[in-house]
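Colleague: Structure incoming, see below.
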Amino acid sequence: QVQLVESGGGLVQPGGSLRLSCAASGGRFSISAMGWYRQAPGKQRELVASISSGGTTNYADSMKGRFTISRDNAKRAVYLQMNSLEPEDTAVYYCNAVVFGSNSWGQGTQVTVSS
């Protein structure tokens, strides 16, 4: 497994933007897919977006057009640019990495969208 550390969360007003970052360390093998999930209070964790090692992206329908996922394989990092944030986007955001089918998770970073 790899260790993942997220950063970039915080409080933002509706309509604002945030950029989340996640850096991976450890592990001996290349990371295949990386992604972002989120979990709001009282709700199940859900996929936000994922990206393959080759750059193929996948987004949850409610994030399309507002969020952009990207990665830097050399830095073993993944990013999430979030625009036009809404109060419904308030959640803890978790970074995910897959190595040979094994999932690793970060500790999560809080994103709060409120006026």
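The values are calculated or read from the model by the stated rules, or taken from the named source; none is laboratory data. Only a predicted model underlies this, so the values are computations on that prediction, with no experimental measurement involved. Note that we place each Cβ from the backbone using ideal geometry, even for glycine, and neighbour counts take in every protein chain shown. Surface accessibility is based on the protein's heavy atoms, side chains included, excluding ligands, DNA and RNA. Shrake-Rupley method; radii C 1.70, N 1.55, O 1.52, S 1.80 Å.
Colleague: Give me a count of the residues in region 97-109 that are open to solvent by less than 40 Å² (accessible area, probe 1.4 Å) and not in a strand (DSSP E or B).
Modeller: Residues of region 97-109 open to solvent by less than 40 Å² (accessible area, probe 1.4 Å): 97-99, 104, 106, 108-109.
Add one more test, that the residue is not in a strand (DSSP E or B), and what stays is 106, 108.
Selection size over region 97-109: 2.
Colleague: So which residues in region 6-18 are surrounded by fewer than 14 Cβ atoms within 10 Å (Cβ to Cβ), touching a strand residue (DSSP E or B) at 6+ places or on another chain (Cβ under 7 Å) and either assigned to a strand (DSSP E or B) or of a type in the set (S, T, N, Q) (or both)?
Modeller: Residues satisfying the conditions are 7, 10, 11, 17.
Colleague: Among the residues that make up region 40-52, is at least one of them in a strand (DSSP E or B), surrounded by fewer than 19 Cβ atoms within 10 Å (Cβ to Cβ) and free of Cβ contacts under 8 Å to residues at least 60 places away in the same chain?
Modeller: Start the filter on region 40-52 by keeping residues that are in a strand (DSSP E or B), which leaves 46-51.
Imposing the further condition that a residue be surrounded by fewer than 19 Cβ atoms within 10 Å (Cβ to Cβ) reduces the set to 46-47.
Filter once more, keeping what is free of Cβ contacts under 8 Å to residues at least 60 places away in the same chain: 46-47.
Yes.
So that you can scan it fast, the table gives a plain yes or no per residue for (1) of a type outside the set (Val, Ile, Thr); (2) in a strand (DSSP E or B):
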| position | (1), (2) |
| --- | --- |
| 71 | yes, yes |
| 74 | yes, no |
| 84 | yes, no |
| 95 | yes, yes |
| 111 | no, yes |
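Colleague: Scanning region 53-65 for residues that are over 18 Å from residue 105 (Cβ atoms) and in a loop (DSSP other than H, G, I, E, B), which turns out least open to solvent (accessible area, probe 1.4 Å)?
Modeller: 55
Colleague: Taking the residues in region 1-26 that are of a type in the set (Gly, Ala, Ser) and in contact with a Lys or Arg (Cβ under 9 Å, 6 or more places away or on another chain) as candidates, determine which candidate is nearest to residue 90 (Cα to Cα). Write out each step before concluding.
Modeller: Taking region 1-26 and keeping what is of a type in the set (Gly, Ala, Ser), we get 7-10, 15-17, 21, 23-26.
Still in the running and in contact with a Lys or Arg (Cβ under 9 Å, 6 or more places away or on another chain): 8, 23-25.
Details: 8: 14, 23: 22, 24: 24, 25: 27 Å.
That would be 8.
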